[in-house]
Amino acid sequence: DSLDTQNLAQVFRFDITPDQVRQASNRVNVGAPVGKLRGYRLPLVTGNAAHDISGSLAYFFEGAQARRITFEGSSSDPRPLIEFLRQQFGFQRVNSRNPGVETYSARTNCSGLLRITPATHSNARCQIDLSIAR
């Protein structure tokens, strides 16, 4: 049972509008503008399997154009997310100054940084910190 990459493609996309974000959840928090960008934060849970992700998703818009997407959350098995980001945005593993953190970056059609902090004990979930900008 693999993580539905179509589901991820619907979440991590830059052709979304502020109205679509507001319609996606009744729990959208609209932040004050930071520079030219206005942030829209909402909860994200893709399911309850080991490879699913859960946490806080945010889109940052300049007008109606999405410029940055961030996700802070967790997963028991982040490998399908990593593979999706590799295929969709060109993420590649890079050397990290912190040997306890897996780091990936993208520098193709967008810039991005993904940090995965492994679980500290067997039942815990990996921490995920993702930012993609266009």
query: For the range 117-134, how many residues are assigned to a strand (DSSP E or B) and closer than 20 Å to Pro80 by Cβ?
result: 8
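Where in the range 8-76 are the strands (runs of 3 or more DSSP E), entirely inside, with at least 2 residues that are among the aromatic types (Phe, Trp, Tyr)? Give the derivation first.
Working: elements: 38-45, 54-62, 65-75.
Answer list for the range 8-76: 54-62.
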task: Considering (1) open to solvent by 20 Å² or more (accessible area, probe 1.4 Å); (2) among the aliphatic types (A, V, I, L, M); (3) over 24 Å from Ala124 (Cβ atoms), say which one Val21 fails and leave the rest.
output: (1)
Selected residue [of a type in the set (A, V, I, L, M, F, W, C), surrounded by 13 or more Cβ atoms within 10 Å (Cβ to Cβ) and free of Cβ contacts under 8 Å to residues at least 60 places away in the same chain] from Ile53, Ile16, Ile69: Ile16
- request: Enumerate the pairs (first residue in the range 90-103 and in contact (Cβ under 8 Å) with a residue 12 or more places away in the chain; second residue anywhere and of a type in the set (S, T, N, Q) and exposed (fewer than 10 other Cβ atoms within 10 Å of the Cβ)) with beta-carbon separation below 9 Å, excluding pairs fewer than 6 apart on the same chain, so at least 6 apart or on different chains.
  value: Thr103/Asn95
query: When the range 93-126 is examined, which residues are found to be polar (S, T, N, Q), in contact with an Asp or Glu (Cβ under 9 Å, 6 or more places away or on another chain) and over 17 Å from Thr70 (Cα atoms)?
result: Ser96
message: Given the criterion over 14 Å from the mean Cα position of the chain (by Cα) and under 15 Å from Ser131 (Cβ atoms), identify the matching residue among Val30, Val21, Val101, Val11.
response: Val101
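The values are calculated or read from the model by the stated rules, or taken from the named source; none is laboratory data. Keep in mind the model is a prediction, meaning the values are calculated, not measured. Note that we place each Cβ from the backbone using ideal geometry, even for glycine, and neighbour counts take in every protein chain shown. Note: areas computed on protein heavy atoms with side chains; ligands, DNA, RNA excluded. Shrake-Rupley method; radii C 1.70, N 1.55, O 1.52, S 1.80 Å.
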